[in-house]
1. Hey, can you tell me all the residues within region 66-116 that are in a strand (DSSP E or B) and crowded, with 19+ Cβ neighbours inside 10 Å?
2. Is it the case that Gly218 is out of contact with any helix residue (DSSP H, G or I) (no Cβ under 9 Å at 6 or more places or on another chain), part of a loop (DSSP other than H, G, I, E, B) and modelled with pLDDT of 90 or more?
3. For region 67-83, indicate whether the set of residues that are of a type outside the set (Val, Ile, Thr), within 23 Å of Ala170 (Cβ to Cβ) and modelled with pLDDT of 95 or more is non-empty.
4. Note down all Cβ pairs under 8 Å where the first residue falls in region 121-138 and is within 16 Å of Gln167 (Cα to Cα), the second is among the β-branched types (Val, Ile, Thr) and surrounded by 12 or more Cβ atoms within 10 Å (Cβ to Cβ), and they're at least six residues apart or on different chains.
5. Do we find that Val115 is at pLDDT 95 or above, out of contact with any Phe, Trp or Tyr (no Cβ under 7 Å at 6 or more places or on another chain) and of a type in the set (A, V, I, L, M) in this structure?
6. Return the residues of region 124-161 that are surrounded by fewer than 21 Cβ atoms within 10 Å (Cβ to Cβ) and part of a helix (DSSP H, G or I); say none if nothing qualifies.
7. Take the residues in region 1-27 that are charged (D, E, K, R) and at pLDDT below 95; name whichever of them is surrounded by the most Cβ atoms within 10 Å (Cβ to Cβ).
8. For region 32-65, name all the residues that are in contact with a His (Cβ under 8 Å, 6 or more places away or on another chain) and either surrounded by 19 or more Cβ atoms within 10 Å (Cβ to Cβ) or hydrophobic (A, V, I, L, M, F, W, C) (or both).
Amino acid sequence: MPAAFDQWKAPTSKVPLHAVILAHPDADSFNAAAAQAYCEAVRGLGHEAVLRDLYRLGFDPVLKSSEQPRPDRYAMANDVAAEIAVIEKADVFVLIYPVWFGAPPAILKGYIDRVMGAGFSYGAIRERSRHRFMGGKQLLSISTSGNSIQWLDEQGAWLSLRTVFGQYLAQSFSMARSEHLHLSNIVDQMTERHVNEELYRVTEMARQMCAQIAPANGPEPAKSVATG
């Protein structure tokens, strides 16, 4: 055989990366355990995971005037640029947070405003422009609450979470798909059995997300799936 053929090697495929964004103030919270369980599950399947614990990082959620996405005077802050460098190669973006007053903690909203939405204007969303690093990727939200999902649904909070922190984000950032797993009755006095059952649901969702990742073929309409 020709020497050139002998030396040829098939290109190595990129190992899928999951960026896990945790928004809970307690380092030993159930949410933190869920984030760790997710990361361990995907790593066990040969994927990579990077955990961004916003409270431990001391992330500043306050959008500065200069960071508003205006074509004449937008300026990306140094901390935002550093954060984007960590997560921009991810294939799956995972948001893990408790539901407070019907919504995620403010620190997560600030992360979306400053990092995920960096330089991305309402005009880009309206025109369905492809997001620079989230376009065609997967979005997973894992939310927790002390109440049941039925109670949240009666208050309208479950619908809001699924549409605003799911379908709308995925469509705005030209993502391929969004999923939402909600874990109910997460309280300080949880039984060990309940903890293990809910963490098992997290690992099963991690396996499902790994199975869904395929080579991107360009932007697709965002699909939304919710699991209570």
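1. Val92, Phe93, Val94, Leu95, Ile96, Tyr97, Pro98
2. no
3. yes
4. Between residues of region 121-138 that are within 16 Å of Gln167 (Cα to Cα) and residues that are among the β-branched types (Val, Ile, Thr) and surrounded by 12 or more Cβ atoms within 10 Å (Cβ to Cβ), the close pairs are Lys137/Val92; Gln138/Val92; Gln138/Ile213.
5. yes
6. Within region 124-161, Ala124, Ile125, Arg126, Ile149, Gln150, Trp151, Asp153, Glu154, Gln155, Ala157, Leu159, Ser160 qualify.
7. Filtering region 1-27 down to residues charged (D, E, K, R) leaves 6, 9, 14, 26.
Within this subset, residues satisfying the condition of being at pLDDT below 95 are 6, 9, 14.
Details: Asp6: 7, Lys9: 5, Lys14: 10.
So the residue we want is Lys14.
8. Ala32, Tyr38, Cys39, Val42, His47, Ala49, Val50
The values are calculated or read from the model by the stated rules, or taken from the named source; none is laboratory data. Values in this document were obtained by computation on a predicted structure and should not be read as measured data. All Cβ positions, even for glycine, are placed from backbone atoms using ideal geometry, and neighbour counts span all protein chains on display.
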